[in-house]
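**Student:** A single structure is presented below for examination.
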Protein chains: 2
Amino acid sequence: MKNFVFHNPTKIIFGKDTITSIGSETAAYGKKALMVYGRESIKKNNIYDQVTEALREAGITIIEHGGVQSNPVLSHVHQGIKLAKENRVDTIVAVGGGSVLDSAKAISAGALVDHDVWKFFIGKKSIKDALPLTCVLTLAASGSEMNSGMVVTNEETEQKFGFANRHLYPKVSILDPCATFTVPPHYTAYGAVDAIAHVLEYYFTNREPYTPVQDHFMEGIVISCMDSCDRVLQNLEDYDARADLMWAATLALNGLSGAGLGKTGFPMHMIEHSLSALYNIAHGAGLSIVMPGWMIYQAQRTPEKFAQFAERVFNITSGDIEEKAAEGIQALLSWFVKIKTPTNLTALHIPIQDIPKIAENAVALAKIWNMKDYTAEKIEEILKLCV
Amino acid sequence: MKNFVFHNPTKIIFGKDTITSIGSETAAYGKKALMVYGRESIKKNNIYDQVTEALREAGITIIEHGGVQSNPVLSHVHQGIKLAKENRVDTIVAVGGGSVLDSAKAISAGALVDHDVWKFFIGKKSIKDALPLTCVLTLAASGSEMNSGMVVTNEETEQKFGFANRHLYPKVSILDPCATFTVPPHYTAYGAVDAIAHVLEYYFTNREPYTPVQDHFMEGIVISCMDSCDRVLQNLEDYDARADLMWAATLALNGLSGAGLGKTGFPMHMIEHSLSALYNIAHGAGLSIVMPGWMIYQAQRTPEKFAQFAERVFNITSGDIEEKAAEGIQALLSWFVKIKTPTNLTALHIPIQDIPKIAENAVALAKIWNMKDYTAEKIEEILKLCV
């Protein structure tokens with residue numbers, strides 16, 4: 001096992017009827033809050049009213065910053081930073097899924113500096129402080145509610161970049177599974193795929209020879225995500241299924257998956273970020289396209305780990321290592337088909353002749369993420385397995 | 001899933017050559033520290049020197065409080081509180097295993113109040129604050145390094161009581177697997193049993209019908225503890241094996257096992273505490289005596305969960321539910337025999353005619369832990385299965 005530091009200070013408040021605690025939890029950090037949210041969905045399902053009432057009852061003045069879109073964009077983050085500065089807010093409240101959270105994180109860091117917040121994303125500056133962030137989560141997917149990462153798209157440069165910094169952990173995240181009841185089936189499925197991808201990035205790029213604690217943890221998360229997603233898709237208002245999916249997705253990327261593995265890569269995300277930067281597709285949809293192709297590519301190089309995955313996650317026990325590895329990938333792909341996520345580029349009308357352009361875009365992120373073995377040629381080869 | 005709050009603020013610094021960071025980490029909390037440790041072992045293996053030098057280099061004045069014994073006693077805690085008060089220390093440094101940590105936690109809370117610290121244990125007072133605590137761990141077992149619990153024995157009343165309070169999380173815990181190289185085989189095994197017991201208390205007393213996230217997490221911990229303990233017993237200085245065992249034991253009781261399960265009990269610990277209170281046996285040894293008996297008793301009442309345990313942890317797939325349940329318990333018992341932990345009362349020369357006395361002692365803790373269904377009769381019945 002490699003050396004590591006694990007320090008996740010986020011307070012998770014999980015369960016039914018917990019949303020109104022956003023008032024008292026936020027009041028601990030100030031009296032004026034920038035409330036970041038997405039589009040109309042939180043107004044339709046009453047979460048907007050619950051949050052604003054709770055904040056006002058706690059004596060908090062709210063500056064609203066709605067309109068975050070999925071694959072959140074830098075220009076909207078800039079507007080949020082401007083609002084936060086003009087109004088001298090004490091704290092940020094995020095109400096939404098990963099896109100809202102990541103926008104809120106970017107605003108929380110950008111509000112305390114004079115330079116463009118994008119400099120953090122391209123490694124030209126590092127975050128030294130951020131406004132405190134509290135959150136009401138409405139989507140089980142990104143894990144941003146309990147980690148220090150954020151991803152934002154720069155529309156001008158067509159770059160979807162992300163990174164982590166310890167100042168970006170939310171202080172408090174409120175996870176009420178009921179807040180996800182109105183997430184439609186395809187977005188629920190995208191969320192489950194995203195959470196599974198987070199785990200599998202660590203699992204398959206891990207170079208340590210034997211890591212039983214982390215492996216069993218991650219295999220359990222994958223099994224739980226699949227199982228709970230299946231149950232949600234049977235009944236969108238199954239509380240326990242929504243709860244299991246929400247908690248599994250949070251645990252998938254809260255630091256435990258990778259603790260002790262040393263340097264691992266995020267190649268599937270790296271490639272997917274180019275898909276969503278260029279074609280504005282849902283992140284989970286992009287991942288379900290990239291994952292099978294990347295896994296086929298990688299399994300030719302490290303089949304043992306894929307065989308272990310097949311055995312422990314899908315109970316595939318017959319065949320040699322290569323056969324098991326292939327069957328495990330096929331089993332995951334079949335599950336994607338079952339939950340109706342796209343599994344190849346053409347399913348989302350991405351032209352195959354764009355592959356060189358996508359690869360070129362991805363290489364820029366590969367450099368920033370220090371994954372220099374991912375050349376344009378290698379990425380093209382992987383993308384050709386995604387058709 | 002039941003509602004829960006998860007908020008574990010302990011910073012874990014894990015790995016080789018990390019012990020000297022105790023200096024800078026502790027200096028963040030003050031200039032004068034009470035250093036709590038056990039007997040001679042940390043002087044023999046150089047940890048004492050590493051810690052004291054690092055603290056002094058960080059400009060910290062050390063007040064020493066050594067001599068903590070396993071099953072740490074209240075009188076020694078009282079002495080530590082006296083020292084902490086007299087010297088007006090800013091912070092506590094624990095160097096040792098669970099007994100040292102728990103003594104240090106009791107001192108950290110007791111140093112800030114005028115009343116007897118035991119009042120916290122019997123529920124007469126509640127902890128409102130505590131001195132900051134940093135730690136260098138030398139034994140993989142209790143999980144105290146990343147949780148808010150503590151257990152202390154009152155020698156006068158022959159009561160071994162414990163509880164949790166959010167002020168008792170260590171600020172920083174340094175986990176260097178090398179610091180456990182000198183732990184002898186039988187204590188290594190006791191530690192693994194302790195960690196497994198922590199998980200199984202939640203696992204088998206969980207009344208929620210279906211908790212895939214937690215179950216897979218806990219099954220993974222049990223498998224990892226067994227696997228890594230086996231490897232350590234082959235080679236006491238196998239770094240990776242020591243590391244896997246150390247991290248698995250920490251994760252076993254850091255709040256994740258029980259998050260979302262609602263009210264669960266700790267019946268095996270409750271009964272074991274009486275064994276170690278009355279006979280001063282090692283906690284892990286006591287657990288390996290109590291666990292099989294309690295599991296046999298409980299499996300007659302909730303066989304389904306025991307069958308799941310047998311299937312997922314020991315790959316026992318044939319037989320009906322009752323048969324699988326019994327085989328799973330037998331498999332764990334066989335593993336205890338393999339790692340040479342005692343599996344019945346007579347193995348530690350505890351007289352069978354003492355069973356009523358042990359049960360009577362345990363009932364006092366059952367009341368405090370709010371496990372009122374554990375009457376003396378029921379505990380006697382379980383203890384009779386431990387002979």
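**Student:** Which of the residues that make up region B:227-257 are buried (at least 19 other Cβ atoms within 10 Å of the Cβ), more than 10 Å from chain A (Cβ to nearest Cβ) and in contact with a Lys or Arg (Cβ under 7 Å, 6 or more places away or on another chain)?
**Tutor:** B:232
**Student:** So residue B:374 clears everything in (1) part of a loop (DSSP other than H, G, I, E, B); (2) closer than 21 Å to residue B:192 by Cβ except one condition, right? Which one?
**Tutor:** Exception for residue B:374: condition (2).
**Student:** Hey, could you check region B:325-371 for residues that are over 30 Å from residue A:313 (Cβ atoms), part of a helix (DSSP H, G or I) and among the basic types (Lys, Arg) and say which is farthest from the chain's Cα centre (by Cα)?
**Tutor:** B:357
**Student:** Can you tell me which of (1) within 21 Å of residue B:172 (Cα to Cα); (2) without any contact (Cβ under 8 Å) to a residue 24 or more places away in the chain; (3) of a type outside the set (Asp, Glu) is the one residue B:82 doesn't meet?
**Tutor:** All conditions pass for residue B:82, except number (1).
**Student:** Quickly run through region A:204-228 and pick out the residues that are over 27 Å from residue A:240 (Cα atoms) and touching a Leu at 6+ places or on another chain (Cβ under 9 Å).
**Tutor:** A:205, A:206, A:207, A:208, A:211
**Student:** Scan region B:313-324 and tell me whether some residue there is surrounded by 14 or more Cβ atoms within 10 Å (Cβ to Cβ), aromatic (Phe, Trp, Tyr) and in a helix (DSSP H, G or I).
**Tutor:** Among the residues of region B:313-324, at least one is surrounded by 14 or more Cβ atoms within 10 Å (Cβ to Cβ), aromatic (Phe, Trp, Tyr) and in a helix (DSSP H, G or I), which makes the answer yes.
**Student:** Exactly one condition in (1) crowded, with 17+ Cβ neighbours inside 10 Å; (2) assigned by TED's automatic domain parsing to the domain that holds residue B:175; (3) touching a residue at least 24 places away in the same chain (Cβ under 8 Å) is false for residue B:2; which is it?
**Tutor:** (2)
**Student:** Residue B:224: facing chain A (nearest Cβ under 9 Å), surrounded by 21 or more Cβ atoms within 10 Å (Cβ to Cβ) and touching a helix residue (DSSP H, G or I) at 6+ places or on another chain (Cβ under 6 Å), yes or no?
**Tutor:** Yes, satisfied.
**Student:** Of the conditions (1) touching a residue at least 24 places away in the same chain (Cβ under 8 Å); (2) within 13 Å of chain A (Cβ to nearest Cβ); (3) surrounded by fewer than 24 Cβ atoms within 10 Å (Cβ to Cβ); (4) farther than 26 Å from residue B:363 by Cα, residue B:210 fails just one. Which one is it?
**Tutor:** Among (1) touching a residue at least 24 places away in the same chain (Cβ under 8 Å); (2) within 13 Å of chain A (Cβ to nearest Cβ); (3) surrounded by fewer than 24 Cβ atoms within 10 Å (Cβ to Cβ); (4) farther than 26 Å from residue B:363 by Cα, the lone unmet condition for residue B:210 is (1).
**Student:** Further, regarding this structure: Tell me, which strands (runs of 3 or more DSSP E) lie completely within region A:1-93 with 3 or more residues that are within 14 Å of chain B (Cβ to nearest Cβ)?
**Tutor:** In region A:1-93, the matching strands (runs of 3 or more DSSP E) lie at A:4-6, A:11-14.
**Student:** Going through region B:105-153 one residue at a time, which ones are buried (at least 22 other Cβ atoms within 10 Å of the Cβ) and charged (D, E, K, R)?
**Tutor:** Hits for region B:105-153 are B:105, B:145.
The values are calculated or read from the model by the stated rules, or taken from the named source; none is laboratory data. The structure displayed is predicted, hence computed values, not measured ones. Here Cβ is always computed from backbone atoms with ideal geometry, including for glycine, and neighbour counts include all displayed protein chains.
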